[in-house]
1. Has the stretch 118-141 got at least one residue that is touching a residue at least 24 places away in the same chain (Cβ under 8 Å), over 30 Å from residue 528 (Cβ atoms) and among the polar types (S, T, N, Q)?
2. Does the stretch 154-162 contain any residue that is surrounded by 21 or more Cβ atoms within 10 Å (Cβ to Cβ), more than 22 Å from the chain's Cα centre (by Cα) and outside any loop (DSSP other than H, G, I, E, B)?
3. Quickly run through the stretch 155-166 and pick out the residues that are under 24 Å from residue 121 (Cβ atoms) and in contact (Cβ under 8 Å) with a residue 60 or more places away in the chain.
4. So how many residues does the stretch 120-153 have that are under 25 Å from residue 247 (Cα atoms), surrounded by fewer than 17 Cβ atoms within 10 Å (Cβ to Cβ) and among the acidic types (Asp, Glu)?
5. Based on what the data block shows, is residue 320 of a type in the set (S, T, N, Q) and within 16 Å of the ligand (Cβ to nearest atom)?
6. Within the stretch 458-470, does at least one residue satisfy the condition of being touching a helix residue (DSSP H, G or I) at 6+ places or on another chain (Cβ under 8 Å), more than 16 Å from the ligand (Cβ to nearest atom) and within 22 Å of residue 167 (Cβ to Cβ)?
7. Just need a number here: residues in the stretch 163-188 that are in a loop (DSSP other than H, G, I, E, B) and touching a helix residue (DSSP H, G or I) at 6+ places or on another chain (Cβ under 9 Å).
Amino acid sequence: MFKAFGILVIAAFPVLAQDGSISAERIREHTRFLSLDLLEGHGVGQRGGEIATEYMATQFALAGAQPAGDNGSYFQKVPLVGIETTPDAQLSAAVGGKSVDFRWLEDFVGVSQRQTPQTRLEGEAIFVGHGITAPEWKWDDFKGVDVKGKVLVLFTNEPASNDPAFFEGRALTYYGRWVYKYEEAVRRGAVGAILIHTTPTAGYGWEVVRNSWGREAPFVKLAPGQPSLAFQGWVTREAGEKLLALAGKTVDELLAASEKRDFQPVPLGVLIRGRMPAKIRELDTRNVAAMVPGSDPKLKDEVVVFSAHWDHLGIGTPVNGDAIYNGAIDNGTGCGILLELARAWAALPQKPRRSALFLSVTAEEGGLRGSEYYAAHPLYAPGKTAIDLNYDALYPFGRAQDVVLTGAERTTVWPMAQQIAKRLNLEISSDAQPEQGHYFRSDHFSFAHAGMPAFSIGHATEFLGKPAGYGQKVWEEYNSKHYHQPSDEFQADWDFTAVEQAAEYGFVLGMEIANQDKLPDWRPGDQFHRLPASNTIYHGQMVW
Ligand SMILES: [Zn+2]
C-alpha cells in the first residue's frame, strides 16, 4: 500500500521523482533502533546518549554527508552545567518587624543564574506587572523606573485580550513566556525575579512548576562577566499573597492593575532575602553535525539547517516497573527524518545551490540547551543561515492530510511553504492551542531567538481514511499517556506514512530555499525581526 503511494507521488510531483527516495521504512528503522531499551532513553550525560550520538554520526557518514563539527569530526562539543538547588534553599520577605519565610517546593522554587555553589540574594521588592516592554503594542510595564539591584515581583503571561491586533490575541507571544521575564530582569540590572504563580496566568498548576524546577537542570556555561540574576524563581499564589500582604496589597488587586496600559511599577517596601545553595556539575555533551556542500560557488557559504534533538529523558523514575524513557516519538521520529533527509540530500545527483546542515542537538528536554549553544556558536554565521527547519515528535499514525507549521507565517518563506503544501496535497493546519506558545518550545526557537528564520515541521492532525476526530484522539492519547513517559515506546504496527510526508515536505521546502536567489527573512514587524544579537544567551528552564 505504501509502495503504491510512492508511485503515485512520483507521477504527480516530478520534483520528487528525481530525488523521491525519502523512505518511511528507513525512518521507521532509525526510530526503532534509537528507541530500543538498549539505548536507555538516550539521556544527556548517560551512556545511552553517547550511543545515540555515535549512531547519528555513523549514519551521517554512511549517507555520505560530511563532518561539520569540531576538528573535522561530526561532533560539536556542548559544555553544560547541571545545577540543582538543594532543599536547604531559603527565601524570605520582611518589612519593619514583620517577616515571612517561604518553604522550598511548598512555597517557592528557583535557581541562581550565577552557577556557583552558594548565592545570596538581597534586594528591595518592586512589583512590575507582567514585566513587559513591547513598543509595537505601546506597552511598557516599567515606565522608565530604574530597577537596578531590585528584586522584581511579577506575573507570567501578558495582558489578556481577544483582539488579534493586541499581543496576537489568544496566542501567547514571547513577551508572555516566563523565560522572557527573566531575560528582561537581567537586561534591566535586577538581582532577582520572582513570578507569582496562578494557574490561569501560568496555564498549568503548581505541581508542574515544582516538578520541573525542583530537580537538576542543564544550563549553558556563563561567559565571564555575563550579567546574571542571583535568583530566578516562582512562589505559589498563597506565598505571593503573604508577600504582598506585607505591603498591604493582594494578588487580585495587582493582577487587575497589571492589565492596564497606564500601570506603574509598585515599590513594595519589602526586603527580599535568600540563600540559594546548589549542587553543580559539568555535563559534557555534544551536538551531532553533518553537511552536504552546495553547488553554487557563491551561495555555498550559506546554509539551510535541518534540526532534530537526539536527547530524551534517559533512565529515570520507574513507572509501572519501567525506568527507561525510550522517546520513540519524542524524538526518535525526528532523528529518523534527519538521517533520511541527509541521505537523500547527499544522494542528489545535482546538489542545491546552498549547503545543507543536518544538526542533531543535545539537551532539548533540559530547555533547548544544545540549540541555544549552537545559536551562540553557530557553524555558519547567523547572516549566512537561510533557515532552520526543525523536527520534534512526529506521529506515525497513518497517512497525513495536513502539516502544522507553527511560525512559518512569521517568515518570508510563508508563500512558498503554502505552495509546496498544495503541491504535496497537504493542508497547513494552524496551531490548535496558540495560547500554549508552542513556537517557543522546541529547538527552532533557539535559532529564532538569535535572529535566524526558523520553524518546526510538526505532526499531522488529520489522517486520511480515519473517522472524524481521530487526529485529536491520538494527540490526546499520546499527550496524556505517553508524552515524557517510559511508555513512549516503538510499536511494530506504526504506519510511518505521515512521518515520511513531513520529511518530504521539509526536503522539498529546504531544497527550494537552498536554490532561491534571496535569503529568507522575518516578515517586517515580526517580534524576532528586531531582537538584538546580544539576545542570543538566555536563561531559564522550559516547563513542558
Ligand atoms: Zn522533543
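1. yes
2. Taking every residue of the stretch 154-162 in turn, at least one turns out to be surrounded by 21 or more Cβ atoms within 10 Å (Cβ to Cβ), more than 22 Å from the chain's Cα centre (by Cα) and outside any loop (DSSP other than H, G, I, E, B).
3. Of everything in the stretch 155-166, just one residue is under 24 Å from residue 121 (Cβ atoms) and in contact (Cβ under 8 Å) with a residue 60 or more places away in the chain, namely 155.
4. Here the count works out to 4.
5. So residue 320 does not fit the description; no.
6. No, the stretch 458-470 has no match at all.
7. Qualifying residue count for the region: 10.
Matching residues to (1) free of Cβ contacts under 8 Å to residues at least 24 places away in the same chain; (2) of a type outside the set (S, T, N, Q); (3) within 15 Å of the ligand (Cβ to nearest atom); (4) within 14 Å of residue 442 (Cα to Cα):
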{"site": "336", "(1), (2), (3), (4)": "no, yes, yes, no"}
{"site": "351", "(1), (2), (3), (4)": "no, yes, no, no"}
{"site": "361", "(1), (2), (3), (4)": "no, yes, yes, yes"}
{"site": "377", "(1), (2), (3), (4)": "no, yes, no, no"}
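The values are calculated or read from the model by the stated rules, or taken from the named source; none is laboratory data. As the structure is a prediction and not an experimental result, all values here were calculated from the model. We place every Cβ from the backbone using ideal geometry, glycine too, and count neighbours over all the protein chains shown.
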